[in-house]
Amino acid sequence: MNGHADFVVLYPDGTVGYGSNDRDGLVRETLHTHVTDLSTQGMGQVRAWFADGLSNPALHPNALAERVFARLGYHRPSGWYGPVAITMKENRDGEVAPLTPAVRAIVDELAVAAHSTDAWGTSSAHLLRNALPTSRGWRSAPEVDSAPVESVQPPAQTPDMGPDL
């Protein structure tokens with residue numbers, strides 16, 4: 001996107017949507033149309049707007065948000081779920097500046113990578129979705145294309161008594 005953008009919404013399917021705040025409205029009101037059950041957290045120069053995924057198991061994991069925030073230097077241990085919006089952090093007067101070119105470049109680069117395809121036509125977004133746990137738990141065996149693996153116990157270790165002198 002080359003025009004003015006006050007925020008970007010990162011969707012779980014790897015798509016993004018840029019938007020501008022209604023100058024007469026509040027950022028929170030504008031973002032609420034994209035992200036329900038708004039929670040917010042400041043992270044350095046940016047602010048994340050998100051639904052609390054831990055309280056809503058219907059929200060899907062958002063791999064793109066994971067990658068974008070990791071690139072911005074922030075890791076959320078509980079992960080990101082559902083649509084996640086990013087704005088710049090507000091100044092002392094409560095005003096929010098448009099997204100910086102650096103933030104937009106990170107989002108654009110990772111969004112393109114999420115939708116790129118490999119030589120077999122498999123998209124990165126598909127691979128990322130399949131690598132993530134489902135329903136807050138790990139995928140069951142039938143969902144994963146692998147054979148059962150036999151558990152092997154490590155060999156017993158004897159304490160080191162030092163060199164024989």
Please pick out the residue among 58, 48, 70 that is surrounded by 12 or more Cβ atoms within 10 Å (Cβ to Cβ) and either over 15 Å from residue 99 (Cα atoms) or of a type in the set (Val, Ile, Thr) (or both). 70
List the pairs whose first member sits in region 57-76 and is among the acidic types (Asp, Glu), whose second member is part of a loop (DSSP other than H, G, I, E, B), and whose Cβ atoms are under 7 Å apart, counting only residues at least 6 apart or on separate chains? 66/79; 66/80
Are any residues in region 27-45 touching a residue at least 60 places away in the same chain (Cβ under 8 Å) and more than 18 Å from residue 98 (Cβ to Cβ), and if so, which ones? none
Got a sec? Which of 82, 53 is open to solvent by less than 30 Å² (accessible area, probe 1.4 Å), touching a Phe, Trp or Tyr at 6+ places or on another chain (Cβ under 9 Å) and either at pLDDT below 85 or charged (D, E, K, R) (or both)? 53
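The values are calculated or read from the model by the stated rules, or taken from the named source; none is laboratory data. Quick caveat: nothing in here was measured; it's all calculated off a predicted structure. Cβ coordinates were reconstructed from backbone atoms using ideal geometry, including for glycine residues, and neighbour counts include every protein chain displayed. Just the protein is used for accessible areas: all its heavy atoms, side chains included, with ligands, DNA and RNA removed. Shrake-Rupley method; radii C 1.70, N 1.55, O 1.52, S 1.80 Å.
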